[in-house]
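The values are calculated or read from the model by the stated rules, or taken from the named source; none is laboratory data. Here the structure is a predicted model, which means the values were calculated and not measured. In this analysis, Cβ positions are derived from the backbone assuming ideal geometry, glycine residues included, and neighbour counts consider all displayed protein chains. Note: areas computed on protein heavy atoms with side chains; ligands, DNA, RNA excluded. Shrake-Rupley method; radii C 1.70, N 1.55, O 1.52, S 1.80 Å.
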Amino acid sequence: MAKQEDQFKKVLSHAKEYGYVFQSSEIYDGLSAVYDYAQNGVELKKNIRDYWWKAMVQMHDNIVGIDAAILMHPTTWKASGHVDAFNDPLIDNKDSKKRYRADVLVEDFREKINQKIQKDIEKAQKRFGDAFNEEEFRATNQNVIRRQKQIDEISAELARVQEENDLAGFKQLIVDLGIGCPASGSKNWTEVKQFNLMFGTQIGASAENATQVYLRPETAQGIFVNFLNVQKTGRMKIPFGIAQTGKAFRNEIVARQFIFRMREFEQMEMQFFVKPGTQKEWYTTWKETRLKWHLSLGMGSENYRFHDHDKLAHYADAAADIEFNFPFGFKELEGIHSRTDFDLKAHEEFSGKKLQYFDHEENKSYVPYVVETSIGLDRMFLAVFSNSLQEEELENGTTRTVLKLPAVLAPFKAAVFPLVKKDGLPEVAKKIIEDLKWDFNVFYDEKDAVGKRYRRQDAAGTPFCITVDHDSLEDNSVTIRHRDTMDQKRVKISDLRDIIKAEVDVKTWLKKMEA
Ligand code: GAP
């Protein structure tokens, strides 16, 4: 646990030191759970967004994109159920005065038990080596059986109190489990209350005429209300999808874990409209497709797992999370939801407008069912960034900090250095920059010894360093160094573009989804 916390602290300080993420309004001591993306962060974020957009929109001839407004007619949120049901159960500790999400307290408690199981498994694995059989161990080891039973009982009770909105039962669960305040250890809790997460604001010049509106808590509703416009103008045939990326806002109670849980964040969502009755198949297809997208980035299949929901949201008939192994354990990265026809039907009802599709093959109209894929861009950023940050022991006994970002996502693809700041070397280096910048983000650096410049680029995540030396003036060649292997090769300046492209090209990476 302490190791995990250390790693997380490193992630936070590295993100700041290397110009990835800053606390918002830092000179005023920041605004809780709101962050700014800095010069490198904005590039990484854009590259993740583009990677998603290419995979979802460009690679599917039946998916189109839109960019709906953040502010929407307030009835949207009545219809979607957010005004009445977009709540989190909160609980206060009377001694520490700290506020928590009741479900998160229980989930964290359950995760600790799970980690004990994992430890037992790891120990046994070491002891028995190749002969170890995890399934058998889980079925026979008394400690594991007892702990798994406890996890199952907690999960069942958590699902029940959430399902039945049993707030007294929720508090009792926390008391029964002996959960203390994470900050103070105190078990002196208030009752559990529901808290609406939407940020409200007002439209209108004067207080009397002002209309209450909301900052959207999800981008999805902008897609639902445009469903028929897009279907008609794009002459889309079911099944088809509408994708969107954009800001969403939630007044989160538990504002912690850096950019994992923010009050202002960005979502990348796609609603896939299907014939009623086919939603289960599409739900399975999209679960598989989205996992392949994640795996294509090469961050280790062991770092992902599915979590099927015990408690379904008011709109869903099936839902799963893709969880990622963050520095603080496995947590939700993306949701895949079979949303039924709930949203379109609700908008029909509240707007009085038909939102139906005429199916020529069936010769009838119906309200389509929807399978949604929804991923937080900031959360994906954290997954990529934290997974890439590594300390490496080198052969000469020193260590290096390296940010092994998937090359396709790296903010800068190459850095170009003149070996010295004279003898015409800067001019050659700048000429290389002039040529490469049409294709890639490239960085020029002439300060400090080359070894130091390499280390700076390793830590910033740049996949290639290119050094111009005196021989370059004669042979039009340079040394190219690879961030991950640290291998160096002498190559022709005229070959640089192709060498870099081979490693950073989106096509090469997305093709891995087909493997
Ligand atoms: N339209 C469905 C929807 O919004 P969700 O599970 O509430 O579903 C989808 O959110 C994704 O948005 C999550 O998997 C997560 O990646 C991201 N997300 C949700 N709340 C967030 C927050 N407060 N900060 C950062 N990302 C968040």
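Annotations
- Phi-based couplings in Hz for the stretch 491-507 (Karplus 6.51, -1.76, 1.60; Gly and Pro marked x): 9, 6, 4, 5, 8, 4, 4, 5, 5, 5, 4, 4, 9, 10, 5, 4, 4
- Sequence-distant aspartates and glutamates (8 or more away, or on other chains) whose Cα lies within less than 20 Å of Lys126: Glu134, Glu135, Glu136, Glu302
- The chain: relative contact order in percent, alpha carbon pairs under 8 Å with at least 6 residues between: 14 percent
- Ordering 287-300, 358-371 by mean Cβ neighbour count within 10 Å, with the highest value first, yields 287-300, 358-371.
- Modelled FRET efficiency - R0 25 Å, Ser206 with His73, Cβ distances, 0.05 increments: 0.80
- Accessible surface, per residue, of the chain when the full set of protein chains is kept, probe 1.4 Å, Å²: 49 Å²
- Rounded to 10°, Cα long-axis angle of helix 450-460 versus longest principal axis of the chain: 10 degrees
- The listed residues Ile336, Ile145, once ranked by accessible area (1.4 Å probe) with the largest placed first, stand as Ile145, Ile336.
- Globularity index of the chain is 1.10 (Cα radius of gyration / 2.2 N^0.38 Å, N = number of residues).
- The heavy atoms of Thr233 present about 120 square angstrom of accessible area, all protein chains included, probe 1.4 Å.
- Label point at Arg127 placed 7 Å out along Cα→Cβ; residues across the stretch 133-152 whose backbone nitrogen lies under 19 Å: 133-148
- With DNA, RNA and ligands ignored, accessible area of Val83 (1.4 Å probe; Å², nearest 10): 40 Å²
- With contributions of -39500 (n - 2.57) from each DSSP H run of at least four residues, the per-residue ellipticity at 222 nm computed over the chain stands at -12000 deg cm²/dmol.
- Rounded tilt (10° steps) of 167-176 against the dominant C-alpha axis of the chain: 60 degrees
- Cα-based shape type of the stretch 44-95, given that a ≥ b ≥ c are square roots of the gyration tensor eigenvalues and the cut on a/c is 1.5: oblate
- Crossing angle, helix 377-388 versus the chain [Cα axis fit, 0-90 degrees, rounded to tens]: 50 degrees
- Considering only Trp286, Ile174, Gln39, the residue lying farthest towards the positive end of the dipole of the chain is Gln39, judged by Cα position with unit charges set on Cβ.
- A DSSP coil position with no more than 14 other Cβ atoms inside 10 Å describes the following chymotrypsin sites (Phe, Trp or Tyr not before Pro) in the stretch 64-159: Phe132.
- Accessible area ranking (1.4 Å probe, heavy atoms, ligands and nucleic acids excluded), largest first, for Thr398, Thr219: Thr398, Thr219.
- Cut-off 11 Å between beta-carbons: net charge of the residues surrounding Asn141, Lys and Arg +1, Asp and Glu -1: +1
- Cross-link pairs Lys431/Lys492; Lys112/Lys331; Lys311/Lys354; Lys292/Lys507 - those with Cα-Cα distance over 20 Å: Lys311/Lys354
- The chain, accessible surface, carbon-and-sulfur percent (1.4 angstrom probe): 49 percent
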